[in-house]
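First the structure, in the form of structure tokens, and then the observations on it.
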Amino acid sequence: MLKELKTNIINTIVNLKPGEIGIITNFSVDQIPVKLQEMGCLPGNEVRLIQVAPFNDPLFLSVNGNFLAIRKETAELIEISKVA
Amino acid sequence: MSKTINVALIGNPNTGKTSIFNLLTGLKQKVGNYPGITVEKKEGFCKLPNGDKAHVIDLPGTYSLNASSADEQLVVELLLNPQSQDYPELAVVVTDVENLKRNLLLFTQIKDLNVPTVLVINMADQIERRGISLDIDLLEKNLNTKVVLVSSRKNVGIEQLKETVANYKQLNTTGCVDLRKIDPGYFAKLEDAYRGEDLYQLWLVVSQGEPLLKINKNLLPVNEYSERNTSEIKRLQQKETIERYLFINKILKKAYNVDITKAKDWRGVLDRILTHKFWGYIVFFMIMLLMFQAIYNWSSIPMDFIDQSFSRFSEWTKNTLPAGALTDLLSEGVIPGVGGIVIFVPQIAFLFLFISILEESGYMSRIVFLMDRVMRRFGLSGKSVVPLISGTACAIPAVMASRNIENWKERLITILVTPFTTCSARLPVYLIIIALVIPDQTVLGFNVQGLTLMGLYVLGFGMAVFAAFILNKVIKNRSRTFFVVEMPGYKLPLLKNVLYTVIEKTKSFVLVAGKIILAISIVLWFLASNGYSDEFHHAEEIVRSQSQSGQLSESDIETAIASYQLRHSYIGTVGRAIEPAIRPLGYDWKIGIALISSFAAREVFVGTLATIYSVGNDEEATIKQRMSEDVNQRTGRKLFNFPTGISLLLFYAFALQCMSTIAIVKKETNGWKWPLIQLGFMSGFAYIVAMLAYQLLA
Ligand SMILES: Nc1nc2c(ncn2[C@@H]2O[C@H](COP(=O)(O)OP(=O)(O)OP(=O)(O)O)[C@@H](O)[C@H]2O)c(=O)[nH]1
Ligand SMILES: [Mg+2]
């Protein structure tokens, strides 16, 4: 049962550890600025967490070949599935 | 007959637009490795190979035509307004070869506006080290455009670019992505509602609403059209973005390849340290420390030299030129006044050198990353760090640099608090007062004067942050926060760019300040050497009759006469009229005059005192000596004593005494409201704090 629970928890970018990679699965279009999507934050794209500032905020990522930093509040809205 | 065509340089931030602009036009606009160096439109001309002339417009970088900050807005407004004088006949889209994929997104959008478009792929010098291979012909064919490979650092490809610009008429203007494919139903309806309008432009106006409406009056009812469907619009925008990337990926798959094994890069290693939770802050702190160290210690040698040269020059003038009013004006007004500014050249040069290196290396974005969280507590953004740091040079470019902060409230607060940071114009004032009232002693290995100066810088930042905290509570937040900052790759600062910035900025500081000071010192000198009252004209008789003969030496009497005359000159009369208002702060009428004249610009303070203290004085003492010996007539104590000095330092730390700052804040906030509030608040606050300090200490 525990195992089932684990797989059901939704991962977001915030759950990545520095160096880990995820694939963006989903986010609410209303809440994610167009600019971020245009910088490559789109479903299906790969995102790698490079570094986090203290308190996990902001987060420094590389997505679709771009290097950028976003705040935690935004990162929490972007769902991903982790890649080993 | 030759003609002139408008050519706009458009592209993502930090792709080298300004570097190319400088090469084309021979101008020297500022370049830097931070997204958002250019925040306003810059223009220049370029002669084309066919004899025509290009009117080249350098624009702020933009990620897309969906503008999200004030500098990006400018680009969209230009492209959607065919009536504009600058409406481009040709768009040159500048891209960075390392970020081609993302850069092409904007390219497809611009191409869809059906403007003739050239694709410039810049930074060609990086192709090899990054292991990139590129098929230009294939790109040209698939993108329906002309591609020019450029390296502005190596000055490669510029001639070819000029050639292409000259032949812009041959460019194909078909678009890249057909919106109708995204949602046939929606776009058919939209097209129907506004027949005759270009669909993509229509869509841009619909999706961005209000800000773009003023451009095209025909689309006025669009507002209602868009308000009903915000969510739907966002969904369509996402689909559009995906569609564009599909188009781009399909092309790049064949035409662009990166062989990672061949790529050489140190950004990974550097970022692990420079953005580290702990080490990142240590490095940042060390860099700041080094910067202040350089400004205060390294520059003292050239400063002493300049100081001596000017006082020698002044003496020489006095001894060599025939005695008279003109010589007095030169040796007592102009030379000390100008010298008072030139002496700060070494410090200002160091300041600009550091800021320029921070910007050119790519480190600035890392500071933004490190500081965002802290700054947010005070209603600022990590991006506010850039204005606050560059504000130590001058508040005017700093206020403008706030343009790339997306959130209006964060931007407004940044604009309002930036003038608290210790700008280079405050330095002269601080240094002279510190020299007068703070003992030149060493405590625990630190020089007390140096510590005081450092303390004033900390005070400036502290006050900026504190004011932000208050403003954050007071100003109602209208816009939603979001924050995206690009982290550019590290670059070795180009010596040419850095030196150029340093020389140019320092020169303009001296010229601008020099002009004001020259003018003011002439006026002041005149006002101080003339008067209308009986007391002024009969100063000698009055003073002699008052002092009983024999008690004073002849030279003392002469000094007394000169000072009596100064008190009753035009300037003395004005100064004494305002004295009651500034007495609680510990100032006399001379400081009052300096205060008034420095309302246009702070650095005038020193020049003013230099002039006042030179008039009618023949002794060879330096201005500083005269100031330190001056006695306040009312209290009988030294005028520049400790309480008065501290009160002056605090006044100059907080008061907004800079016309240019007021003007730029008015421009950036579109009205008089904020600059006036800022002026009132800062000056009122300065007055109160200075008064409290004096009353407590005296
Ligand atoms: N290696 C390399 N670097 C370049 C080249 N052209 C420009 N740069 C560097 O790229 C950075 C950005 O250059 P800018 O000309 O300021 O770019 P911009 O597009 O005007 O930037 P914004 O005004 O911020 O949008 C600077 O550090 C330049 O020195 C090039 O051809 N090769
Ligand atoms: Mg630029």
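Checked against the criterion of being near ligand 1 (Cβ under 8 Å from one of its atoms), assigned by TED's automatic domain parsing to the domain that holds B:Thr117 and not β-branched (Val, Ile, Thr), region B:72-82 contains not a single residue that satisfies it.
What's the number of the condition B:Gly131 fails, among (1) at pLDDT 95 or above; (2) surrounded by fewer than 24 Cβ atoms within 10 Å (Cβ to Cβ)? For B:Gly131, the exception is condition (1).
Give me the residue from region A:27-67 that is in contact with a Ser or Thr (Cβ under 8 Å, 6 or more places away or on another chain) and aliphatic (A, V, I, L, M) and, out of that set, farthest from the other protein chains (Cβ to nearest Cβ). Looking at residues that are in contact with a Ser or Thr (Cβ under 8 Å, 6 or more places away or on another chain) and aliphatic (A, V, I, L, M), I get A:Val47.
A single entry from B:Lys277, B:Lys250 fulfils the requirement of being basic (Lys, Arg) and more than 9 Å from chain A (Cβ to nearest Cβ): B:Lys250. Entry remark, region B:283-297: residues being loosely packed, with under 13 Cβ neighbours inside 10 Å and more than 27 Å from B:Arg272 (Cα to Cα) number 1 in total. Of B:Leu74, B:Leu106, B:Leu59, B:Leu9, all but one fail to be within 16 Å of ligand 2 (Cβ to nearest atom) and open to solvent by 10 Å² or more (accessible area, probe 1.4 Å); the exception is B:Leu74. Of the residues making up region B:330-354, those that are outside any helix (DSSP H, G or I) and of a type in the set (Gly, Ala, Ser) number 0. Here the condition is being within 14 Å of another protein chain (Cβ to nearest Cβ) and either within 30 Å of the chain's Cα centre (by Cα) or in a helix (DSSP H, G or I) (or both); of B:Leu74, B:Leu106, it holds for B:Leu106 alone.
Return yes when B:Leu27 is away from chain A (no Cβ under 14 Å) and within 16 Å of ligand 1 (Cβ to nearest atom) and no when it is not. Spelling it out, B:Leu27 is indeed away from chain A (no Cβ under 14 Å) and within 16 Å of ligand 1 (Cβ to nearest atom). A single entry from B:Gly671, B:Gly616 fulfils the requirement of being assigned to a loop (DSSP other than H, G, I, E, B), small (Gly, Ala, Ser) and modelled with pLDDT of 85 or more: B:Gly671.
A single entry from B:Ile295, B:Ile282, B:Ile287 fulfils the requirement of being more than 25 Å from the chain's Cα centre (by Cα) and not hydroxyl-bearing (Ser, Thr, Tyr): B:Ile282. One residue alone among B:Asn33, B:Asn6, B:Asn14 is within 8 Å of ligand 1 (Cβ to nearest atom), out of contact with any helix residue (DSSP H, G or I) (no Cβ under 6 Å at 6 or more places or on another chain) and in contact (Cβ under 8 Å) with a residue 12 or more places away in the chain, and that residue is B:Asn14. For region B:457-466, check the following and say yes or no: at least one residue is within 14 Å of chain A (Cβ to nearest Cβ), open to solvent by less than 80 Å² (accessible area, probe 1.4 Å) and within 25 Å of B:Glu360 (Cβ to Cβ). No, there is no match, as no residue in region B:457-466 is within 14 Å of chain A (Cβ to nearest Cβ), open to solvent by less than 80 Å² (accessible area, probe 1.4 Å) and within 25 Å of B:Glu360 (Cβ to Cβ).
Out of the residues in region B:157-202 meeting the condition of being among the basic types (Lys, Arg) and loosely packed, with under 15 Cβ neighbours inside 10 Å, tell me which one is nearest to B:Met123 (Cα to Cα). Here the answer is B:Lys169.
Cβ-Cβ contacts under 9 Å between residues 6 or more apart (or on different chains), taken from a first residue in region B:39-55 that is open to solvent by 60 Å² or more (accessible area, probe 1.4 Å) to a second residue that is in a strand (DSSP E or B) and β-branched (Val, Ile, Thr), are listed as B:Lys41/B:Ile57; B:Glu43/B:Val56; B:Glu43/B:Ile57; B:Phe45/B:Thr4; B:Phe45/B:Val56; B:Lys53/B:Thr4; B:Lys53/B:Ile5. The strands (runs of 3 or more DSSP E) found wholly in region B:113-183 and carrying at least 1 residues that are in contact (Cβ under 8 Å) with a residue 60 or more places away in the chain and touching a strand residue (DSSP E or B) at 6+ places or on another chain (Cβ under 7 Å) occupy B:117-122, B:132-134.
Taking the conditions (1) touching a Leu at 6+ places or on another chain (Cβ under 9 Å); (2) within 13 Å of ligand 2 (Cβ to nearest atom) in turn, B:Ser64 satisfies each one other than (2).
The values are calculated or read from the model by the stated rules, or taken from the named source; none is laboratory data. Remember, it's a predicted structure, so these values are computed and weren't measured experimentally. Cβ: placed from backbone, ideal geometry, glycine included. Neighbour counts: every protein chain shown. Ligands, DNA and RNA are excluded from the accessible area calculation, which covers all protein heavy atoms including side chains. Shrake-Rupley method; radii C 1.70, N 1.55, O 1.52, S 1.80 Å.
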